[in-house]
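Take a look at the structure below.
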Amino acid sequence: MIDVQILPKIKPGAMVRVFEKVKEGDKERIARFEGVVLARKHGSEAGATFTVRGTVAEIGVEKLYPIHSPVIDSVQVTSSPKKVHRAKLYYIRDISRKRLRQKLGL
């Protein structure tokens with residue numbers, strides 16, 4: 001479950017580190033996924049989600065996380081956006097990493 005003070009900081013353009021519980025057989029471990037928040041949908045209601053895009057082995061990967069999920073252990077916001085003027089950053093999928101840093105001011 002995500003801490004209430006972190007929720008307003010999870011917004012499009014923010015760099016986040018999501019720690020999620022992964023069950024492998026009879027053991028449970030915590031996996032980390034790091035990336036840029038592309039979108040936040042449905043505010044803070046029961047079905048609210050946020051989309052994170054990161055790279056795993058040089059391949060772009062997107063994960064959709066429900067905000068009120070018991071699978072999420074914690075979320076760390078590593079950097080906040082400086083100059084984002086859109087609610088959904090889906091155009092990030094088509095631009096290079098260098099151009100992304102220029103556009104978001106990371």
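The values are calculated or read from the model by the stated rules, or taken from the named source; none is laboratory data. Just so it is clear, the structure is predicted and the values come from calculations on it, not from any experiment. We place every Cβ from the backbone using ideal geometry, glycine too, and count neighbours over all the protein chains shown.
For the range 10-67, a residue qualifies if it is among the small types (Gly, Ala, Ser) and either surrounded by 14 or more Cβ atoms within 10 Å (Cβ to Cβ) or in contact with a His (Cβ under 9 Å, 6 or more places away or on another chain) (or both), and the qualifying residues are Gly13, Ala14, Gly35, Ala39, Ser44, Ala46, Gly47, Ala48, Gly54. Screening Arg17 on (1) at pLDDT 95 or above; (2) more than 11 Å from the chain's Cα centre (by Cα) shows it passes everything except condition (2).
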